[in-house]
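Asker: My questions will all concern the structure given below.
None of the figures in this text is laboratory data; all of them are computed from the coordinates on show. Because the structure is predicted, anything quoted here is derived from the model rather than measured. Methodologically, a virtual Cβ is constructed for each residue, glycine included, from the backbone with ideal geometry; neighbour enumeration extends over all protein chains shown.
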């Protein structure tokens, strides 16, 4: 489930600050974004795969 737009912008601003980038913490935002931002295509594909597995069972 994608994060709400306000939270994404806030996290982006916090983790992309020059101080955190210098400390090497800036990559945390990318990890969080990649983990929680599923596209509709990915969700649909997962449901279709799950349905196919249920039918074969």
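Asker: What ranking do 8-21, 42-55 get when scored by the average of other Cβ atoms within 10 Å per residue, highest first?
Answerer: Put in order of decreasing packing, that is 8-21, 42-55.
Asker: Follow-up question, since we're still on this one. Please give the FRET efficiency for residue 11 paired with residue 50, using the beta carbon to beta carbon distance and R0 = 35 Å, rounded to the nearest 0.05.
Answerer: The value I calculate is 0.70.
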